[in-house]
1. If I filter the stretch 61-76 for residues that are modelled with pLDDT of 90 or more and surrounded by 14 or more Cβ atoms within 10 Å (Cβ to Cβ), do I get at least one hit?
2. Have a look at TYR139, TYR101 and point out the one that is of a type in the set (Ser, Thr, Tyr) and outside any helix (DSSP H, G or I).
3. Give the residues of the stretch 118-138 that are more than 15 Å from the chain's Cα centre (by Cα) and either open to solvent by 30 Å² or more (accessible area, probe 1.4 Å) or free of Cβ contacts under 8 Å to residues at least 24 places away in the same chain (or both), sorted by residue number.
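The values are calculated or read from the model by the stated rules, or taken from the named source; none is laboratory data. All values reported here derive from a predicted model rather than from experimental measurement. Neighbour counts run over all protein chains shown; Cβ positions are idealised from the backbone, glycine included. Note: areas computed on protein heavy atoms with side chains; ligands, DNA, RNA excluded. Shrake-Rupley method; radii C 1.70, N 1.55, O 1.52, S 1.80 Å.
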Amino acid sequence: MELSPDASVILELGPLAVNATLLFSWGVMAALVVGARLVTRRLRALERPARAQTVLEAVVARIRNEIADATGQDPAPYLPFIATLYLFIAVANLLAFVPGYEPPTASLSTTAALAGCVFLAVPILGVREAGAVGFLRHYVSPTPLMLPFNIISELSRTVALAVRLFGNVLSGTVLVGILLSIAPFFVPVPILILQLLIGQVQAYIFAVLATVYIASAVQVQNGRAAADGGRAGRRRGPEKGDT
């Protein structure tokens, strides 16, 4: 039994090998694009919209609420990124019941790429909120001695994101494979249901952690800006006409 879809080579084009991880990742992305196109091509603001539209709106509303709770801000700037992460992982794990399908999230290369996206999103959104100097300043606060520790913290939580998702999805896949070889007629259905549930929980946890990491960077900048504004106001003192 192959532990990772990376080991399943589907096609070789000279030095370039297309393995199951790439193939199924592209398949999931294609399914998301086609599904989104089909659901949104006839959006209706009616009392009884289509069922698919209702499901999509419920998912988006839930993600918006989670982002708003984590950041305390308007979720619109973060919604496309967080929703894309969640939907990709959720659909990739949900398709595990399809015969011959191997979840790309059971590959460390996929989970590392997803965690890398979060790693890049944190400074990008932080710089957008406070500028490059303002964002980089928190790495040396309250003292420059904190710089290596802050860098290690950023790297370690990225590694933790990748390994957590990879380990949980891979362990579920291996468990199903072992049980199918031992008791193929009695165990598969409940174990598959459990695996699907765990996959959805992992997608939710990954999206929530990504939101928390982004929110921490944004809130640090907003908190520092508010503090700087307060100090500036105290230095100016009461203006003429104030009581």
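1. There is at least one residue in the stretch 61-76 that is modelled with pLDDT of 90 or more and surrounded by 14 or more Cβ atoms within 10 Å (Cβ to Cβ).
2. TYR101
3. PRO123, ILE124, VAL127, ARG128, GLU129, ALA130, GLY131, ALA132, VAL133, LEU136, ARG137, HIS138
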